[in-house]
1. Which whole-number percent of Cα pairs in region 24-63 have a distance greater than 11 Å?
2. Report, please, the projected area of region 56-100 averaged over directions, based on the convex hull of its C-alpha atoms, in nm².
3. For region 56-100, what is the charge dipole size about the Cα centre, in debye to the nearest 20, if Lys and Arg each add +1 at the Cβ and Asp and Glu each add -1 at the Cβ?
4. Where does the chain land on the Kirkwood hydrodynamic radius, alpha-carbon pairs, in angstrom?
5. Which Cα, out of Gly31, Met69, Met87, lies furthest along the positive dipole direction of the chain (beta carbon charges, K/R +1, D/E -1)?
6. With only Lys, Arg, Asp and Glu charged, each at its Cβ (+1 for the first two, -1 for the last two), find how big the charge dipole of the chain is about the Cα centre; round to the nearest 20 debye.
7. How large is ³J(HN,Hα) for each residue in region 14-20, as worked out from phi by the Karplus curve 6.51 cos²θ - 1.76 cosθ + 1.60 (θ = phi - 60°), to whole Hz, x for Gly and Pro?
Amino acid sequence: MKRFQNRTEAGQALAALLAEYGDRADVLVLGLPRGGVPVAFEIATALHAPLDIFLVRKLGVPGHEELAMGAIASGDVRVLNPDVIEMQQISDTTLEQVTHR
């Protein structure tokens with residue numbers, strides 16, 4: 001696997017692979033904060049496509065925050081992992097508290 005010097009280089013390399021999507025009215029590039037926006041910027045620039053940001057936040061299990069029981073995203077979207085919720089015995093109350101926080 002090739003490593004890139006920075007996110008700009010990575011975005012330019014990915015844009016080259018996506019060149020067939022350039023100058024199309026039905027293409028939108030979404031960037032995820034914490035690293036994805038600089039990559040997405042390079043892609044959007046190369047493809048002459050609009051760029052938007054999609055905000056996503058992990059819902060970590062209390063006491064084990066790196067373990068995701070779901071995520072919330074822009075547009076009032078919440079996606080849950082029922083296997084983790086069941087395995088960790090997460091109550092509806094706890095789920096709502098973590099989501100609210």
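1. Details: 492 of 780 pairs.
The answer is 63 percent, as a whole percent.
2. Numbers: hull surface 11.4 nm².
For region 56-100, averaging the hull's shadow over all directions gives 2.8 nm².
3. Values: 3 positive and 7 negative charges, 33 e Å.
So the dipole magnitude of region 56-100 works out to roughly 160 debye.
4. Working: mean 1/r = 0.0637 Å⁻¹.
Value: 15.7 Å, from the Cα pair sum.
5. Gly31
6. Details: 9 positive and 13 negative charges, 74 e Å.
That gives the chain a dipole magnitude of about 360 debye.
7. Listing the rounded values in order: 5, 4, 4, 6, 9, 3, 5 Hz.
Quick note: the coordinates plus some simple rules give every number you see, no bench work behind them. Note that this is a predicted model, so its numbers are computed, not measured. In this analysis, Cβ positions are derived from the backbone assuming ideal geometry, glycine residues included, and neighbour counts consider all displayed protein chains.
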